[in-house]
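As structure tokens, the structure follows; a few thoughts come after it.
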Amino acid sequence: MKNLLFDLCSANGVSGEEGSVAKIAKLIMGTYANVECDVNGNVIAEFGKLDAKYSIMLDAHIDQIGLIITHIDSNGFVKASPCGGIDRRILQAEKFLILADKPIPCICCSTPPHLSSGNDEKAVSADNLWFDTGISGDKLKDIVSLGDRIVFDGHPRELLNNRVTSKALDNRAGVAAVMYCGDLLKKQDLNCKVIISLSTREEVNMLGARTAAFSCYPSEAVAVDVSFAKQSGVPSEKSGNIDEGPMIGIAPVLDKEISEKLITAAKVKKMKYQCEVMGGATGTNADVISSTRGGIRTGLVSIPLRSMHTGAEIVSLNDIAAVGELLAEYVLERSIAVC
Amino acid sequence: MLDLSFLKKLCLLSGISGDEKKVSELIQKRLRDSGAEINIDGMGNLLVTKKGRKRAKNKVLLSAHMDEVGFIVTDINSDGTLRLETVGGVDRKAVYGKNVIVGKNCINGVISVKPVHLLKPDEKDTVIPVDKMAVDIGAESREEAIKYVSLGDSVSFVPNYNDDNGIIMAKALDDRAGCYILTEILRQELEYDITCSFVVQEEIGLRGAKAAAYTIDPDFAIVVEATTASDIPGCDDTNNVCCVGNGAVLSFMDRSTIYDKECLQLALKTAQEKKINVQLKRAVAGGNDAGAIHTSRSGVRTMAVSLPCRYIHSQTGLISAYDLESSFNIVKEMAMKLAVI
């Protein structure tokens, strides 16, 4: 699990350019499933009883937040816009990579304290995000193009208690969980078709999942994403506890029966789980999958994560494995029930 | 071209003020076969003398500091997160959400961030003060954290280093770049004797240099430092202090020192003669060990050679290899000139 997660997190895939992450996933799932990429880059892996009428889609978004280059000035500084909901309070003097043909290290510009004239109480504004490669404008324009993505630099690191910190854990943690589920199910005799959809562009209005759900049109779906873990400043009603197992979503947009069956599956497996109750939409791919075509019954399972949308998000490997196991148990039970 | 491999080793170490031992040991190792004589004083300063081919008329001191800015663990919360205080002038805009390492066991940690999704609009623009931050090491409780971390442990940003395209991006370039220049000079055959001090505790008030200058009692001193460059978007040209890529920075005045005029003139003349590109620091800002050295005993004639460094006092600074070479050359030339002036 750790190696898979570290590989997935070390790859870079900002919304709309998820290719390098997709490649890792395709290679692994290709050993037991029919894997294809659709026009939007969604990785769709099908296995189980392929001609079965009943199909279950497990969705996890494969993209990560980042930025996109909009301007290169004559001195070689690069201006960029956010791709996804980036936290501007953490950007200054942070190290990033420009994903040109060859990755180029850069630093997010930060005005030195002695010149910021009282403005150093403020985060950098969204229309003033500059990045510094140190390379001259002429030279840089040959190697960097407008539209190139910028991502957090850095490698996954281990913390105490089987926890890890990395960029892109939102949602490579979810990707690792559904891939682990696929691994657990690959040798099982299933009565239904299982579709793992690693969808693109979630961080920009959930664009990938819309078309993946349309073309696969599964009988039901479970979205897997990360959600807030309890930490200082985060209200307990809006968060789960790290290391307390899968967060099973309960919300008006989610199918009540699926939520209940997920809880039953957790009980059967005698695993820790927690309920995440939301009053409306969930802010995940579940919102768009459930309203695709004439509607798809959809559930949601989340992995508790701290410091979301930063270069140093935190999850527990135990929670990721537990989500994979919960999904496998759920699919096995559904496979028996629907035949 | 300079061989940057030793600079990389220096920058990949952590040594916040008061905890410079690893840096000191690496420099001692590098100087082992250089013929230099090394002494360590009561504060941990490394005092190094090297004989040249000829005896110097004046005692010339080159000084760089080994310490870097960082943090110290002041308390452990009941949820197992660590409370911090800054050590030195950390750029506080550049702390939130960073990866850190804690203590001598190098425990991984993260300065934890309240998710942006849960912020009120005005909170999204507000920089969090360091005393409101906490380091998450993955511990569940204070009891668990205390097994791995002690109060007073040093906390530093995670080391990083790149030197592609003649641009060096790394942690602690202030002032490992200075340590690098001095070490590499000491490894060369020199015409005249020199003394170098690799000092501690610059970032918390020029403390190491004060003791070093007292012991060495030099006639002249050259402080080799990194200084703020703000030649970046949003700062106008009259305010950028110095520019990356325009050569070593020579100072006439900063917040801690008015520099020796004759030394400065000689440096400018020498740069012209030897075709070394240099620039003058265009602001009375910042300060460095010159403040302690030039007032040592009955006074020391002092100059500063600085490297223009963007994003100083953060996780990653940026300097150019060209400026490093320019600084190396002017420091070496001036050390030899001042020895017989």
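The values are calculated or read from the model by the stated rules, or taken from the named source; none is laboratory data. This is a predicted model, so every value here is computed, not measured. For neighbour counting, all protein chains shown are included, and Cβ atoms are generated from backbone atoms with ideal geometry for every residue, glycine included.
Applying the criterion of being part of a helix (DSSP H, G or I) and without any contact (Cβ under 8 Å) to a residue 60 or more places away in the chain to the residues of segment B:5-44, the residue that is farthest from the chain's Cα centre (by Cα) is B:Lys29.
Taking strands (runs of 3 or more DSSP E) that do not extend beyond segment A:233-325, which have at least 3 residues that are within 22 Å of A:Ile65 (Cα to Cα) and not assigned by TED's automatic domain parsing to the domain that holds A:Gly84? Give the derivation first.
Values: elements: A:247-250, A:274-277, A:297-305, A:313-316.
So the answer is A:297-305, A:313-316.
For B:Val116, the conditions (1) touching a residue at least 60 places away in the same chain (Cβ under 8 Å); (2) touching a His at 6+ places or on another chain (Cβ under 9 Å) are fulfilled apart from (1).
Taken residue by residue, segment A:103-110 has at least one member that is touching a Phe, Trp or Tyr at 6+ places or on another chain (Cβ under 6 Å) and more than 7 Å from chain B (Cβ to nearest Cβ). The residues on offer are B:Gly291, B:Gly299, B:Gly286, and the sole one that is outside any strand (DSSP E or B), touching a strand residue (DSSP E or B) at 6+ places or on another chain (Cβ under 7 Å) and in the same structural domain as B:Gly178 (by TED's automatic domain parsing) is B:Gly286. Consider segment B:303-341 and keep the residues that are β-branched (Val, Ile, Thr) and away from chain A (no Cβ under 11 Å). The one that is surrounded by the most Cβ atoms within 10 Å (Cβ to Cβ) is B:Ile330.
Condition check ((1) within 13 Å of another protein chain (Cβ to nearest Cβ); (2) within 25 Å of B:Leu12 (Cα to Cα); (3) touching a Leu at 6+ places or on another chain (Cβ under 7 Å)) across all residues:
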| position | (1), (2), (3) |
| --- | --- |
| B:Asn239 | yes, no, yes |
| B:Asp260 | no, no, no |
| B:Ala267 | no, no, yes |
| B:Arg282 | yes, no, no |
| B:Ser296 | no, no, no |
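Looking only at residues in segment A:254-286 that are in contact with a Leu (Cβ under 9 Å, 6 or more places away or on another chain), closer than 26 Å to A:Val204 by Cα and among the β-branched types (Val, Ile, Thr), the one that is surrounded by the most Cβ atoms within 10 Å (Cβ to Cβ) is A:Thr284. Within segment A:54-91, the set of residues being part of a loop (DSSP other than H, G, I, E, B) and buried (at least 24 other Cβ atoms within 10 Å of the Cβ) comprises A:Ile62, A:Asp63, A:Ile65, A:Leu91. Given the conditions (1) in a loop (DSSP other than H, G, I, E, B); (2) under 27 Å from A:Asn161 (Cβ atoms); (3) more than 8 Å from chain A (Cβ to nearest Cβ); (4) touching a Phe, Trp or Tyr at 6+ places or on another chain (Cβ under 8 Å), and given that B:Val100 satisfies all but one, which numbered condition is not satisfied? With (1) in a loop (DSSP other than H, G, I, E, B); (2) under 27 Å from A:Asn161 (Cβ atoms); (3) more than 8 Å from chain A (Cβ to nearest Cβ); (4) touching a Phe, Trp or Tyr at 6+ places or on another chain (Cβ under 8 Å) applied to B:Val100, the lone miss is (1). Screening A:Tyr330 on (1) surrounded by 24 or more Cβ atoms within 10 Å (Cβ to Cβ); (2) within 19 Å of the chain's Cα centre (by Cα); (3) more than 14 Å from chain B (Cβ to nearest Cβ) shows it passes everything except condition (2).
Can you tell me which residue in segment B:159-209 is surrounded by the fewest Cβ atoms within 10 Å (Cβ to Cβ), limited to those that are out of contact with any helix residue (DSSP H, G or I) (no Cβ under 9 Å at 6 or more places or on another chain) and closer than 30 Å to A:Arg157 by Cβ? Full working, then the answer.
Of the residues in segment B:159-209, the ones out of contact with any helix residue (DSSP H, G or I) (no Cβ under 9 Å at 6 or more places or on another chain) are B:162, B:164, B:169, B:174-175, B:189, B:204.
After this cut, where a residue has to be closer than 30 Å to A:Arg157 by Cβ as well, the list is B:162, B:164, B:169, B:174-175, B:204.
On the way: B:Asn162: 19, B:Asp164: 14, B:Met169: 25, B:Asp174: 27, B:Asp175: 32, B:Ile204: 17.
So the residue we want is B:Asp164.
Please go through segment A:99-116 and give me each residue that is out of contact with any helix residue (DSSP H, G or I) (no Cβ under 9 Å at 6 or more places or on another chain), buried (at least 24 other Cβ atoms within 10 Å of the Cβ) and more than 30 Å from B:Val284 (Cβ to Cβ), ordered by number. Answer for segment A:99-116, where residues must be out of contact with any helix residue (DSSP H, G or I) (no Cβ under 9 Å at 6 or more places or on another chain), buried (at least 24 other Cβ atoms within 10 Å of the Cβ) and more than 30 Å from B:Val284 (Cβ to Cβ): just A:Cys106. Number of residues in segment A:291-305 that are more than 14 Å from the chain's Cα centre (by Cα) and either surrounded by 24 or more Cβ atoms within 10 Å (Cβ to Cβ) or among the aromatic types (Phe, Trp, Tyr) (or both): the value is 2. Within segment B:266-302, being of a type in the set (Asp, Glu) and surrounded by 21 or more Cβ atoms within 10 Å (Cβ to Cβ) holds for one residue alone: B:Asp289.
Within segment B:106-189, considering only strands (runs of 3 or more DSSP E) that don't extend past its boundaries, which have at least 1 residues that are more than 9 Å from every other protein chain (Cβ to nearest Cβ) and over 26 Å from A:Met308 (Cβ atoms)?
Working: elements: B:107-111, B:154-157, B:167-170.
Output list reads B:154-157, B:167-170.
If you check A:Asp183 against the conditions, is it assigned by TED's automatic domain parsing to the domain that holds A:Lys49 and surrounded by fewer than 16 Cβ atoms within 10 Å (Cβ to Cβ)? Taking the combined requirement at face value, the residue does not satisfy it.
Of the residues making up segment A:329-339, those that are in contact with a Lys or Arg (Cβ under 9 Å, 6 or more places away or on another chain) and either under 30 Å from B:Tyr96 (Cα atoms) or assigned to a helix (DSSP H, G or I) (or both) are A:Glu329, A:Tyr330, A:Glu333, A:Arg334, A:Ser335, A:Ala337.
The single condition from (1) assigned to a helix (DSSP H, G or I); (2) touching a residue at least 24 places away in the same chain (Cβ under 8 Å) that A:Ala100 fails is (1). Apart from one condition, A:Gln188 fits all of (1) over 15 Å from A:Ala60 (Cα atoms); (2) crowded, with 19+ Cβ neighbours inside 10 Å; the exception is (2).
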